C-alpha cells in the first residue's frame, strides 16, 4: 500500500499541477499550434526552423501587440518527425484557445498525409510551405491544404532546368545520367513522377537511389554512384541524411558541384558537419536564402533573447531560421487577410482558410513586412494553393551560401496536367466533389 | 476480504469451466465493459478518444496477437510490424479494388491474408528456435517494408507511396466522430479479446502451452508440433493483421510503410514483456504502458517542473520523457520480471488474505 500510495500521490500532484499551470486563456487571443522537432535525427534542421517561427510570433506580439490587437498564443509540440506522434500532437492542440487552432504546419510530409484526412473533418487548414503532397496545389479538390511557395514537383522541374542550363540547354540532357538520392518516405518519393516524365521527354537516364530513414547509412548508394558515374546527383534528404550524403560524396570523390539539393537539403546544418568537403555543393532556394532582410532587425530587437526564445543572435539569418520566419509570416498574414472579412477577433480554422485562399502579398506589402528581396509576390486562389513556383540556386563556398542563378519558374505545361490527373484520381477514390472555383469569392 | 471465493460453489462442469470462474472477476470485467461502452463515451473528450483510447486499444489487440505466439506458444517473433502492414495493405487493396465489400469483411480479409503469410513465415519455426527464429521473423519485417515501399501495385501507384483509408461505413453507419471510432474499435477489440481468452484455455491453447514449456515432451504425449506451431502463427498473424487494419483505417487514416516499421515490432514486443507474457489482461496493461506513459510524461513534466520553479523547454521535456520512460521499463523489469499482469495477480492474492496476512 505504501508504494501505491506514493504513486497515487505523485499522479495526483501531476494532475493538480497540470490544472494549476494552465494559463487562463483570455478571449482575445489567437491560438497557433506549432509542431516541431528538437530531438532525434532531424533535430539539426528542426531546431532553427522552430526558432524562426517562434521568434516571428513573439516579435508580432511585442512589436504590434498581436495581429490587429489580437494576441498570438502558440504552443510547441514535439513530434520527433514521427507520424503517429504528429497525429497525437494535432489532436492535443486542435481545440485549444478560444477558437481552436488557426492552422497547422505539420513540418513533415508523412504527418501532412495523415492530417490531410483529418483537416476537412475538423475544418482546420494545413499549411505545407515548400513540402507536402504536390497535387494538393489543386484547391478545388484539396480545400484545406496549402502547399505555399512551391511543391516538390515544381522543385524537381526547377532543379532539372538548372542542370540543363549548366549543360547548355534542355536538348543536351539527352543521353545524360541523373541520379536521385532520396529519403525513402513520401517526402523523398514526391519528385519521382516529374523526373520520370522529364527523363522520357528529354531522353536522360534517371537512376533512383533510396536511402532508409534516418539516412546515416548510405555507403551502398554512393558505391553505386561511383560505379555508374551519373552526370548529376539530385539530393532529396532531410536531417542528418544531408550532411551524410555530402560526406559520402567526398568519400567516393564525386564532385560536390555536380550535386544539387532540394530546398530542404540546402542549409547550414547540411554542409557545416562535412567541413571543407562540402565546398561547391549547390541547393535550390525556397525563394529566400540565408542572410538578413529588413524584418530581422525587428526580430532581433523584440524576440531574440526574450522570454521563451531559444535562438542565439549569431544563428539569426541562417537558411532554416529564415524559413521559419517566412512560414510564420505567411500564417500571420493569412489571419490578417481573414480579419479584414471577419473582424479583428480570434478566428476559427474555417475563417483562416478563407484568409489563406485570398492571400495576396504584393511587392509593396512584402516590403512593408520586411521581406523585401527574400520573396516574390504571392497570390493564392481557389484553383492554385501554391501561389508561386519560382526558385533560385545557391552554392556553399565553405563559409556561406552564394546565390548563383537567376529565378527559374517551373514549367506548368508539364506539371499542370499531372496535378489535375492525380488530384482527380484522389477525388474519385475519396468521393469528393471538386469545388467550382469560378463561384468562390 | 473483498476478493474471496469462499462460498462460491460450482455445481456444474459448465460453471467450473467458465472464462471467469470467480464471481468478483466476472463483476470486475463486467463493470469495466459497462464503463467502457456506456460511461466513457459520454464523458471523454475528442483528444481522449482519438489519441489515447483508440491507439491503446488497437495496440492491445496487436499485443494479444503477438502474445499468443510469444507468450503462449513460445515462438519469438520480431515481425509483428510486418503482419500489421500486411493486414493494412491487404485490406486497402480489397477496399479499393472491390468497393462493394462491406468494411467488416474487408477487415477480416486483411487479417486472413496476414494469417496466410504468417503460416508461410512460420514454417521455419519447425526447424529453428529462439533467437534464430527471431532473426527469421526479422527477415519478414524487412521484406515487407521493402515490398510495400517498392512495388507500386500494393499502393495503387500513388506517387509518394502513401495511401489512405476508405470511409468507415458499416451497414450504412459511418464512424466519423472520434467517439464512434472508439466504440467501433472497442467492440472489435473486446470481441477478439474474448475469442483469444477462450482459445488459449481450450485444447488448441493447451497444445501451444505444451509446446512452449517443452516441445519434445509435448511431442511425446501426442501433440503435433507442426499443427500447434502453425496454428499459433496463423491465429497470431490474423489478430495482428486485424489490428493493422484498425491502426491504418481507424487511427491513422492515411499511412506509409514507415508506420509499420521495425520500431512497431519492438514496441509490441516490449508491450507484452512489460504487460506479461501469457496473459490477455497483460496485453492491455502493456499497451497502455507503452502508449499512454510517454504522452503523460510529455504533458505532465512542464507543470511538475514549474512546481519547483524550473521552466523546461520542449526539447528537454522530450529528452526527459525518454529517459524516465526507459528508467521505468528497467524498474518494472527488475521489480516484476513477469510483467504488470503478475503485479495484478499478486494484488489479488493480497486482497484474498486481507486483512489477515500471514
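The values are calculated or read from the model by the stated rules, or taken from the named source; none is laboratory data. No experiment lies behind these values; they were computed from the predicted model shown. Neighbour counts run over all protein chains shown; Cβ positions are idealised from the backbone, glycine included.
Within the stretch A:98-115, which residues are over 15 Å from the mean Cα position of the chain (by Cα) and either part of a loop (DSSP other than H, G, I, E, B) or surrounded by fewer than 24 Cβ atoms within 10 Å (Cβ to Cβ) (or both)?
If the condition is that a residue be over 15 Å from the mean Cα position of the chain (by Cα) and either part of a loop (DSSP other than H, G, I, E, B) or surrounded by fewer than 24 Cβ atoms within 10 Å (Cβ to Cβ) (or both), then A:98, A:99, A:100, A:101, A:102 are the ones that fit.
Which one is surrounded by the most Cβ atoms within 10 Å (Cβ to Cβ) among residues in the stretch A:308-343 that are part of a loop (DSSP other than H, G, I, E, B) and without any contact (Cβ under 8 Å) to a residue 12 or more places away in the chain?
My answer is A:343.
Quick check on the stretch B:56-77. Is at least one of its residues closer than 30 Å to residue A:425 by Cβ and out of contact with any strand residue (DSSP E or B) (no Cβ under 7 Å at 6 or more places or on another chain)?
Yes - at least one qualifying residue is present in the stretch B:56-77.
Enumerate the pairs (first residue in the stretch A:61-81 and over 20 Å from residue A:304 (Cβ atoms) and away from chain B (no Cβ under 14 Å); second residue anywhere and surrounded by fewer than 20 Cβ atoms within 10 Å (Cβ to Cβ) and modelled with pLDDT under 90) with beta-carbon separation below 9 Å, excluding pairs fewer than 6 apart on the same chain, so at least 6 apart or on different chains.
Pairs found: A:69/A:28; A:70/A:28.
Exactly one of these conditions fails for residue B:218: (1) crowded, with 19+ Cβ neighbours inside 10 Å; (2) in contact (Cβ under 8 Å) with a residue 12 or more places away in the chain; (3) under 22 Å from residue B:122 (Cα atoms). Give me its number.
Here residue B:218 clears every test but (2).
If you take the residues of the stretch B:304-323 that are at the interface with chain A (Cβ under 7 Å from one of its Cβ atoms) and over 20 Å from residue A:34 (Cα atoms), which of them is surrounded by the most Cβ atoms within 10 Å (Cβ to Cβ)?
Within the stretch B:304-323, the match that is surrounded by the most Cβ atoms within 10 Å (Cβ to Cβ) is B:304.
Give the residue, chosen from A:199, A:159, A:164, that is more than 14 Å from chain B (Cβ to nearest Cβ) and crowded, with 24+ Cβ neighbours inside 10 Å.
A:159
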